[in-house]
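The structure appears below as structure tokens.
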Amino acid sequence: MSGIMNGHRETITVGLGGRAYDIHVGHGMLDRAGQYLKPLARGIVPVVTDRHVADLHLERLLQVLTNDGIAARPIVMAPGEASKSFAGLERLCGELLDMEIDRTGLIVALGGGVIGDLTGFAAGVLKRGVGFAQIPTTLLAQVDSSVGGKTGINHPLGKNMIGAFHQPLLVVCDLASLDTLPARELSAGLAEVIKYGPIHDMGFMEWLEAHMDALRARDRDALAHAVRRCCEIKAEVVAQDERESGLRAILNFGHTFGHAMEAGMGYGVWLHGEGVGAGMLMAAELSRRLGLVDAAFCARLRVLVQRAGLPVRAPVLDERDNAGRYLEWMRVDKKSQAGEIRFVLIDGPGKAVVRSAPDALVREVIDACCAPA
């Protein structure tokens, strides 16, 4: 991983040898997208987005690409998690095939995590692999899902259960796109920002505590620092463990509990980041009960999650046996091994570990952390 400053822009490199790629971060990057994409473009370049993002950014991007001599054509999907499905994948692949995209082509994902995950997966399986680029427009996508090559769709039995690793050729993060992000979406993205502190960099967590109000107020300098630092950390981790055989699993802090919430309530009831926010607090409490962190750390994290505008109480999934329902969903988590749930826990501030825990203890945590207060 390396970072190169250039005025108000920064380039961070994800070091994967011959498959290394750059993450360009800065304000006004959408207007420069054609310069970055032109060396990769071959023939028609599909731009995949959703209706909400299309209304805000599509016309501008298409004009930028046209001005740079790129023959871009839009594919507009329905917004929300429903598109991240077999039906959504089939529709997208059909439209891409109709455009006669070949294996030397380029597909662009313009949007949040749903569009990035869906487009990346379609690119990975179409003709056994077509190149794609990410232009993430949400905070969550900029600091997490657009980087690292995880692509996929949901299944009724679990979040992101159908997918593949397919690295992008390029990531372009325009911080100006965050100006139009709904407040709830901004808070959801802050969950993925917060996670990097407890698992890797307590100095960054201290910075977040000092700048959370500025982040929620969309202060440009604060957002630039947060996105840059998160991308630096993720690039470092991905370069060491691309396919999550070990270290990379720490990036799923809060996700085992969070994915259970999303699946148990129905995809889209809570945003992904809302599940991660409450899930981090559950994972921290489990860490405390295992003797890995103290109550003061858990309280500190709770305050930060709450200040980000995220839920601090997890939802009840089943009035009869809520803990049992959580355990049922978590057993199909991708980190589970032979039916044993593996959690990302905090092994002291700034350090994470992946390990199991007794069901009885996990039940206690779920009972303690679920609504009502």
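The values are calculated or read from the model by the stated rules, or taken from the named source; none is laboratory data. Since the model is a prediction, treat every value here as computed from it, not as a measurement. Note that we place each Cβ from the backbone using ideal geometry, even for glycine, and neighbour counts take in every protein chain shown.
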Would you point out the residue of region 79-91, among those that are assigned to a helix (DSSP H, G or I) and touching a Phe, Trp or Tyr at 6+ places or on another chain (Cβ under 9 Å), that is modelled with the highest pLDDT? Leu89
So which pairs qualify, if the first residue must be in region 278-296 and without any contact (Cβ under 8 Å) to a residue 12 or more places away in the chain, the second must be not in a helix (DSSP H, G or I), the Cβ gap must be under 8 Å, and the two must be at least 6 apart or on different chains? Arg288/Asp294
Consider only pairs whose beta carbons are under 6 Å apart and that are at least six residues apart or on different chains; among these, list those whose first residue lies in region 243-268 and is on the phi < 0 side of the Ramachandran plot and whose second residue is surrounded by fewer than 18 Cβ atoms within 10 Å (Cβ to Cβ) and acidic (Asp, Glu). Leu247/Asp241; Arg248/Asp241
Consider only pairs whose beta carbons are under 8 Å apart and that are at least six residues apart or on different chains; among these, list those whose first residue lies in region 200-218 and is without any contact (Cβ under 8 Å) to a residue 24 or more places away in the chain and closer than 11 Å to Ala308 by Cα and whose second residue is basic (Lys, Arg) and not in a helix (DSSP H, G or I). none
For region 101-112, indicate whether the set of residues that are under 19 Å from Ile162 (Cα atoms), of a type outside the set (Phe, Trp, Tyr) and surrounded by 24 or more Cβ atoms within 10 Å (Cβ to Cβ) is non-empty. yes
Scanning region 231-260 for residues that are charged (D, E, K, R) and over 13 Å from the mean Cα position of the chain (by Cα), the one nearest to Leu175 (Cα to Cα) turns out to be Glu232
Options Leu223, Leu190: the member that is touching a residue at least 60 places away in the same chain (Cβ under 8 Å) and under 14 Å from the mean Cα position of the chain (by Cα): Leu190
Mind listing just one residue for me: the one in region 126-144 that is under 19 Å from Arg19 (Cα atoms) and touching a residue at least 40 places away in the same chain (Cβ under 8 Å) and, of those, surrounded by the fewest Cβ atoms within 10 Å (Cβ to Cβ)? Gly131
Condition set touching a Pro at 6+ places or on another chain (Cβ under 7 Å) and aliphatic (A, V, I, L, M), scope region 55-86, selection surrounded by the most Cβ atoms within 10 Å (Cβ to Cβ): answer is Ile75
Mind listing whichever residues of region 37-75 are touching an Asp or Glu at 6+ places or on another chain (Cβ under 6 Å) and either hydroxyl-bearing (Ser, Thr, Tyr) or in a strand (DSSP E or B) (or both)? Ile75
